[in-house]
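The values are calculated or read from the model by the stated rules, or taken from the named source; none is laboratory data. Not measured: the values here are computed from a predicted model. All Cβ positions, glycine included, derive from the backbone under ideal geometry; neighbour counts span all protein chains shown.
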Amino acid sequence: MPIHLTRLNLDGTCSPKPLLGGSSLPDDVKASVGLGGVNRWEDVLTVQRLLNGTPPEQGGPVPKLPEDGIVSQRLILAIAAFQRKQVGWSDGRVDPGGETIRRLQAINEMPAGKPSLAPLAVESIPAALAMIFLARAHLMNARFAFAGGGGLFASVYASAAALVNKHFHLDRAVSPLSALDMVDGIFSKMQLAIGHVPAGTWVFEDDPSQPPDVAYAFTYWGGYLFMTGKSERRREGLFWLDRIYLCRRLVSYDRDTIVYAMIHELAHFVGGALGTSDEVDDWAYAHRPTGYETLAPYRAVRNADCYSQYAWEVSRHVAYRHDAHRV
Ligand SMILES: [Zn+2]
């Protein structure tokens, strides 16, 4: 079975997480990077990662830089912008031991005094479960509308169906009821994954990457299979397949972000493995002009953001906004 480790980034989009194979990435440079620099591949990559890990209000690049180890005009401009914000001058170059690299390291360091996110996640499980439970109850109301029933409650069912259609587009599905079954099945597996003590409390672990990954969380598509004991426990490099890893950056965000990230990651985790018909992918994001509204129903019910955004709107009556949760 092919495995796919995917990471939920701070801008609310997902990308593949490189497997580090137990080796640690440096957060220091051996030679200069940027304008007129030596620009060793590893050093350029380090600076790109550190800049991407810097919030925009602290001088980080928008949009993020590609992390490819290749020096570019964009990278030099991003270094200069960071320097103007952080050190009051700019030469577009990061020198070993210099002020720029020290500021980058300091900003990317774990906030002190909050060493572990796993207990925070465990505390957030009831909130996530409540959200999942409400989503399933809401789906049940929508089911009556799709089945053509209603009677006294027709308007309640119709409004439930409208919200389901907003996110999953079942009104365009060939068979809305079987698509709805898939959606409910994913939410039901989320409940099974985190709703049982103590197993549910083991799902979330702290990111063991060194230095810490700059993201919300990451997990394997279909990792749930390894949790249920249907497949033998496995690890790839530092990462167990039956876990959802929470990144340290989450401590800079409010509790809502943890709950949102949990549901988004759970959708990938309980969906099928990469390449199976029930994998839960990232086809589109509600906050990006990437065609969330026009996703085919077949894709929408296999799209992680549809699950997290739908559950969020059922409970909170508003869309989840990625830019409103820093503390
Ligand atoms: Zn995702």
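Would you please name the residue that is surrounded by the most Cβ atoms within 10 Å (Cβ to Cβ), looking only at residues in the range 196-213 that are modelled with pLDDT of 80 or more and among the β-branched types (V, I, T)?
V203
Answer yes or no: is there a residue in the range 14-25 that is assigned to a loop (DSSP other than H, G, I, E, B), modelled with pLDDT under 85 and charged (D, E, K, R).
Yes, there is a match, as at least one residue in the range 14-25 is assigned to a loop (DSSP other than H, G, I, E, B), modelled with pLDDT under 85 and charged (D, E, K, R).
I'd like the full set of residues that are near the ligand (Cβ under 10 Å from one of its atoms) and of a type in the set (D, E), limited to the range 255-272.
Once the filter is applied, which keeps residues that are near the ligand (Cβ under 10 Å from one of its atoms) and of a type in the set (D, E), the range 255-272 yields only E265.
Look at R84 and say whether it is in contact (Cβ under 8 Å) with a residue 40 or more places away in the chain and either closer than 25 Å to G195 by Cα or surrounded by fewer than 18 Cβ atoms within 10 Å (Cβ to Cβ) (or both).
Criteria not met by R84.
Out of all the residues in the range 60-79, which are assigned to a helix (DSSP H, G or I) and surrounded by fewer than 18 Cβ atoms within 10 Å (Cβ to Cβ)?
Across the range 60-79, the qualifying residues are Q73, R74, L77.
Determine the pairs where a residue that is in a helix (DSSP H, G or I), located within the range 299-323, has a partner that is polar (S, T, N, Q) and within 16 Å of the ligand (Cβ to nearest atom) with Cβ atoms under 9 Å apart, the partner being 6 or more residues away or on another chain.
Going by the 9 Å Cβ cut-off, the qualifying pairs are A304/T6; D305/T13.
Of the residues in the range 292-315, how many are over 19 Å from I132 (Cα atoms) and within 11 Å of the ligand (Cβ to nearest atom)?
Within the range 292-315, residues that are over 19 Å from I132 (Cα atoms) and within 11 Å of the ligand (Cβ to nearest atom) number 0.
For the range 273-291, how many residues meet the condition of being within 13 Å of the ligand (Cβ to nearest atom), assigned to a loop (DSSP other than H, G, I, E, B) and not hydrophobic (A, V, I, L, M, F, W, C)?
Adding up the residues that qualify gives 5.
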